[in-house]
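Trainee: Mind having a look at this structure? Questions to follow.
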Amino acid sequence: MKITLILTILALAGGELARADEVTRWEIDPAHSSIEFTVRHMMVSKAKGSFGKFSGSATGDPKQPENASVEVSIDASSINSQNPDRDKHLRSADFFDVEKHPQIRFKSKKITEPAGGILQILGDLTMHGITREVVLDVERFAPATRDGTARFQVVAKAKVNRKHFDIVWNQMLDGGGVAVSEDVNVLLSIELVRK
């Protein structure tokens, strides 16, 4: 009797420990997410665009985001700036060179809660065959529910210097300056679904 009781307690304790050790995985819902960018064009206007195909996940407990990890993969050929000729140029060797470098990837290294901010995600961005550290400044990090499924909404921004990834094409303007800025502003509006 005592042995049976001890075995039952151990089995229950083992089950609780196993549940405690389970890692929660959240996947990007592409139907309710977007990855957009803006870049200064002709020194005055802003060219805008987005990527239509991407996937990714976050692993961890939203109550302890500093222990989480994030990965995102973007299909570089899915770039869309609402201008077919420009998109063709952006896919070429002058810019993303999608035939040689079809994927843009981000993998987090460290997540912190800065003073006055929500979260900062430091990670490795691999683009055009080069990997550099970038920081995502999270502006929104909140739970949501859709169709009875647990979700999380994340909005984050980053500024990326394209020259750091050897994307250096440009054109001098007659009045001075260049056609395309080095700095690209990225906006991620992501909805994560619990798996």
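Trainee: Cβ-Cβ under 7 Å, sequence separation 6+ or interchain: first residue in the range 88-112 and closer than 17 Å to residue 132 by Cα, partner assigned to a loop (DSSP other than H, G, I, E, B) and modelled with pLDDT of 95 or more. Which pairs?
Mentor: Listed by first residue and then by second, the contacts come to 96/128; 101/128; 101/129.
Trainee: Go through the range 60-96 and give me each residue that's of a type outside the set (A, V, I, L, M), closer than 19 Å to residue 108 by Cβ and modelled with pLDDT of 95 or more.
Mentor: 69, 71, 73
Trainee: If you don't mind, another one. Under the condition of being surrounded by 12 or more Cβ atoms within 10 Å (Cβ to Cβ) and of a type in the set (D, E, K, R), which residue from the range 123-144 is farthest from residue 155 (Cα to Cα)?
Mentor: Once the filter is applied, the top-ranked residue is 132.
Trainee: Would you mind stating whether residue 133 is free of Cβ contacts under 8 Å to residues at least 60 places away in the same chain and assigned to a loop (DSSP other than H, G, I, E, B)?
Mentor: It is false that residue 133 is free of Cβ contacts under 8 Å to residues at least 60 places away in the same chain and assigned to a loop (DSSP other than H, G, I, E, B).
Trainee: Restricting to the range 57-98, count the residues that are surrounded by 15 or more Cβ atoms within 10 Å (Cβ to Cβ), of a type in the set (A, V, I, L, M) and assigned to a loop (DSSP other than H, G, I, E, B).
Mentor: 2
Trainee: I'm checking my understanding of the structure. Among residues of the range 36-56 that are in a loop (DSSP other than H, G, I, E, B) and modelled with pLDDT under 95, which one is surrounded by the fewest Cβ atoms within 10 Å (Cβ to Cβ)?
Mentor: The selected residue is 44.
Trainee: Taking the range 156-182, which residues are assigned to a strand (DSSP E or B) and either more than 29 Å from residue 119 (Cβ to Cβ) or at pLDDT 90 or above (or both)?
Mentor: If the condition is that a residue be assigned to a strand (DSSP E or B) and either more than 29 Å from residue 119 (Cβ to Cβ) or at pLDDT 90 or above (or both), then 156, 157, 158, 159, 160, 161, 172, 178, 180 are the ones that fit.
The values are calculated or read from the model by the stated rules, or taken from the named source; none is laboratory data. Keep in mind the model is a prediction, meaning the values are calculated, not measured. Using ideal geometry, Cβ is built from the backbone for each residue, glycine included, and neighbour counts are taken over all protein chains shown.
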